[in-house]
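The values are calculated or read from the model by the stated rules, or taken from the named source; none is laboratory data. Bear in mind that the values here come from a model prediction, so they are computed numbers and not experimental data. With ideal geometry, Cβ positions are generated from the backbone for all residues, glycine too; neighbour counts draw on all protein chains shown. Ligands, DNA and RNA are excluded from the accessible area calculation, which covers all protein heavy atoms including side chains. Shrake-Rupley method; radii C 1.70, N 1.55, O 1.52, S 1.80 Å.
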Amino acid sequence: NAAGGIDVDAGTGGITLDTTDGGAISIDAIGAPSNLSLASTAAADDLTISVTGATDSSLVLSSTGTSAADAISITTTAGGLDVNVNQNRTLDVGGNNTDTVVGNSNVTVNGATGYTLDVAKNINIDSDKDAANAIVLNASNAAGGIDVDAGTGGITLDTTDGGAISIDAIGAPSNLSLA
């Protein structure tokens, strides 16, 4: 019957689907919204989707959907999101990318070569904080420094009316020169 279906209900013993080595399981739906969900009733009622075994295997979440907004959507309505990667991480984004952080955000990079931000267009750093330290660049190591290089576009430092510029050096020969 084309309109027929199968309804499987189980008690507290649950449902187990197992195969022997080499046996696959395929669950496919066509032309209708579908889901795999867990209605949690207590703490630690976790839903785990995993690939086990120390082999060169992958867990693949894939969508050929054409929605520019959410072809794949990860949503937490009350909790957080924790992403832990033991090896390399690659994030390739086509189209536009918007990251909005409402709470506090910290980025800590402890790799041997530091962090490189390399873009093909502008970088705009904008802070709306009403304070003298709205943007801070800090080379915190005692021997650290800050190197600013520019091409023929030069470097412009501007303030609004009443904004001062202070360049101070302590205990080392300094210069402002024109070659």
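Points to keep in mind about this one:
- In order along the stretch 81-94, the phi-based Karplus estimate (6.51 cos²θ - 1.76 cosθ + 1.60, θ = phi - 60°) of 3J(HN,Hα) comes to 10, 10, 10, 10, 10, 8, 10, 6, 10, 10, 10, 10, 10, x Hz; Gly and Pro are listed as x.
- Projecting label points 7 angstrom from Cα along Cα→Cβ for N110 and T152 puts them 4.6 nm apart.
- Relative contact order computed over the chain (Cα-Cα under 8 Å; 6+ residues apart), in percent: 4
- Between L17 and V102, the simple label model (points 7 Å from Cα in the Cβ direction) yields a spacing of 3.7 nm.
- Computed with a 1.4 Å probe over protein heavy atoms only, the accessible surface of the chain comes to 103 Å² per residue.
- Between the C-alpha center of the stretch 86-154 and that of the stretch 33-53 there is a gap of 37 Å.
- L47 sits with roughly 100 Å² accessible to a 1.4 Å probe, with DNA, RNA and ligands left out of the calculation.
- Solvent-accessible area assigned to carbon and sulfur over the stretch 20-179 amounts to 49 percent, based on a 1.4 Å probe.
- Dimensions in Å of the stretch 43-171 - Rg and Dmax from alpha carbons: 22.0, 65
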